[in-house]
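Scroll down for the structure; my scribbles are underneath it.
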C-alpha cells in the first residue's frame with residue numbers, strides 16, 4: 001500500500017489552520033497597536049503601488065524558484081520542462097506555507113516535477129541541491145554584507161532578550177554557515193552518506209519484516225539519488241550549483257524584500273540594507289516555526305522585531321502588508337492551481353512511486 005504524506009484534505013486543513021492562526025496572530029497585533037483610528041487612517045494613506053510591487057516580488061516564488069530548479073534538474077535529466085520547473089517552484093512554496101516546518105514544500109516540488117516527466121530520484125536530488133543553494137546563498141551573502149559594513153546600525157536597534165538585532169543577525173549567520181559546511185560535505189562525499197543511510201535501512205529492516213519489504217524500493221531510490229548527487233561533484237555540476245546559489249537571491253526576493261515594501265506602502269522610509277538584513281533574520285527564524293506558514297508566530301515575531309522601524313499604532317497595518325507580499329499572494333494563486341489539479345483527479349502527493357531501473361538517470365556531462 002502506498003503511504004500518503006500530502007493529500008488535498010491535509011492541505012485544506014493546513015490552509016484552514018493557516019487562516020485561523022493568522023487571524024489570531026493579527027488580532028494580537030491589533031491589541032498591541034491599541035489605536036484603531038490610526039489603523040483606519042493608515043488604510044486611507046496606504047500607497048497601493050507598493051503592494052503591486054509586492055505582487056511582482058511574490059511571483060519570484062515561482063519564477064526565481066523555478067529557474068533555480070531548472071538549472072539544477074538539467075544536470076541529471078536531458079530536457080526538464082522550464083514551465084514545469086517554474087510551477088514546481090511556486091507550488092512548493094505554496095505547500096510549504098500550508099504545512100508545519102515547511103514540510104510539504106519538498107514533496108510538492110517532487111510531485112510537480114514528476115507530473116512533468118522527471119523520475120523521482122532526480123526530483124529528490126534536485127530539491128536537495130536547491131536547499132544546498134539556499135543555505136549557501138545566505139551563508140555567503142550575509143558575511144559579505146557585514147564585511148562591507150552593512151547592518152552595523154542594527155547594533156543600536158532594540159532586539160530580543162537583551163540582544164540587539166545585529167547580535168541576532170550574526171547568530172543566525174553562524175548557524176547558516178555551519179549548515180553550509182555540512183551540506184557541502186554531503187556533495188563531496190556522497191558515497192559515505194549513501195552507506196550510512198543503507199546501514200540505517202538495514203538495521204530498521206532487521207527489526208520489522210513489514211519495514212524490510214518497503215526498504216527494497218527505498219534502497220533502489222537511495223542508489224539512484226546517489227548517482228544524481230555524484231553528477232554534481234564535477235566541474236559542470238559545481239557550476240550549476242553556483243548558478244543556483246545566485247538564483248537563490250531572486251527566488252527568495254519576496255521574503256527578503258517584503259519588509260521594505262510593506263514599510264514603503266505605509267509611507268515609512270528606512271535604510272534599505274538594514275531592513276534587508278532584518279528580513280534575513282526573520283526568514284531564518286521562521287524556518288523553524290512549527291505552525292503552517294509560521295501562522296500566528298510570524299505575525300507576533302515580525303511585530304516584535306520591526307518595532308525599531310514601525311510606530312506601534314501602525315504595526316497591524318504593516319503586518320497585513322508584509323504578510324500579503326510574503327505569503328498571501330502565493331497562497332491564493334497556488335490554491336487556484338491546486339484546485340484545477342484536484343478537479344482533474346489527484347492522488348496523494350506523497351505517494352511512493354514505483355521507481356525502478358527502467359527509469360534510468362540520463363546524466364548529462366560535457367566532456
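Bear in mind that the values in this text are calculations on the coordinates, not laboratory data. Because the structure is a prediction, the values reported are computed rather than measured. Neighbour counts are summed over all protein chains in view; Cβ atoms, including those assigned to glycine, are modelled from backbone coordinates with ideal geometry.
Before moving on, here are some points about what is shown:
- Calculated FRET efficiency for the pair residue 74/residue 181, C-beta based, R₀ 22 Å, to 0.05: 0.25
- Model label points for residue 47 and residue 9, set 7 angstrom from Cα along the Cα-to-Cβ axis, are 4.8 nm apart.
- Estimated inter-spin distance, residue 335 and residue 288, nm [label 7 Å along Cα→Cβ]: 3.1
- Between residue 36 and residue 268, the modelled label-to-label distance comes to 2.2 nm, taking each label 7 Å out from Cα in the direction of the beta carbon.
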